[in-house]
1. State to the nearest 20 debye the size of the charge dipole of the chain about its Cα centre, where the only charges are +1 on K and R beta carbons and -1 on D and E beta carbons.
2. Computed on alpha carbon atoms, what radius of gyration and Dmax characterise region 87-152, expressed in Å?
3. Compute the label zone of Asp95 within region 121-150: residues whose backbone N is under 12 Å from the point 7 Å along Cα-to-Cβ.
4. What size of dipole, in debye to the nearest 20, comes out for region 87-152 about its Cα centre when the only charges are +1 on Lys and Arg C-beta atoms and -1 on Asp and Glu C-beta atoms?
5. Taking every pair of distinct Cα atoms and averaging 1/r, then inverting, what Kirkwood hydrodynamic radius in Å comes out for the chain?
6. What does the highest-first list of 187-194, 16-23, 103-110 look like by mean Cβ count within 10 Å?
7. What's the FRET efficiency of Glu125 with Ala69 using the Cβ-Cβ distance as r and R₀ = 41 Å, to the nearest 0.05?
8. How much length would be gained if the chain were fully extended between Ala223 and Arg86, taking 0.36 nm per residue of separation minus their Cα-Cα distance, in nm to one decimal?
Amino acid sequence: MLEVRQLSAGYGAMQILRDVTLSVPAGEIVTLVGSNGAGKSTLLNTVCGIIKPVGGRVLLDGTDITGRASEAIVALGITQVPEGRRLFPTMTVRDNLILGAYRRRDAKAIAHDLAWVYELFPILEERQRQAAGSMSGGEQQMCAIGRGLMARPRLLILDELSLGLAPIMLDTLVDALTKVHHEGMTIFLVEQDVATAFDLATTGYVLENGRVVLSGPTSELRADSHVKKAYLGL
């Protein structure tokens, strides 16, 4: 579904990504892992049209979408759940969720999908009239994921799912995303918590200093000596 070919990007004269190549097949969960500052968010923002690349290509189903405006990329079916959630804190949970469907005009299907999100995260239905910013970090992450799902994307991109979350809340989110994936959603997970990422994904890429240094099935990456020492503390 998604192909990144020799992508290079950065900020002004500062180059962050260097010839990054990876792919996300339809129906799979693929992860990109790396330490803070490796260039993970820069890659996502380049794929999503927020940053213009200086080299390489981004393709969706074989169509070149390199450098397209972010709203055009959303319209093609790519939705990002950004690092730090970025909800509208004074708006209600329900209104934040509905904003995810702002491009849609299928009212009945929107109502169906809202009910599905509430089934996936029951606490959001209980707190649907509550200000989103008054919830815990884990609950806000649920709301951010729910907002992304309300766009009915073909590819859901998650940036730092685990950031600031207690282990029990992270387990809840992992279970929910597993259900979403089983219903056919393609997921690209960008994550600093390598153990969690490898639990969810079947294929992984390791990004260091803006370059992909390792890739393959997560079962093999988990056994790699460098990954074990650098990311898993083994």
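Values in this text are rule-based calculations from the coordinates and carry no lab data. On a predicted model such as this, the values are computed, not experimentally measured, just so you know. A quick note on method: Cβ atoms are made from the backbone with ideal geometry, for glycine too, and the neighbour counts reach across all protein chains shown.
1. On the way: 23 positive and 25 negative charges, 131 e Å.
Magnitude of the dipole: close to 620 debye.
2. For region 87-152, the Cα radius of gyration and maximum Cα-Cα distance read 10.6, 31 Å.
3. Answer for this model: 129-133.
4. Numbers: 9 positive and 7 negative charges, 65 e Å.
My answer is approximately 320 debye.
5. Taking the inverse mean of 1/r over all distinct Cα pairs, the chain comes out at 18.1 Å.
6. Working: 187-194: 22.1, 16-23: 19.1, 103-110: 10.9.
Ranked from most to least packed, the peptides come out as 187-194, 16-23, 103-110.
7. Numbers: r = 34 Å, r/R0 = 0.83.
Calculated transfer efficiency: 0.75.
8. Details: separation 137, 0.36 × 137 = 49.32 nm, distance 3.50 nm.
My answer for the length gained is 45.8 nm.
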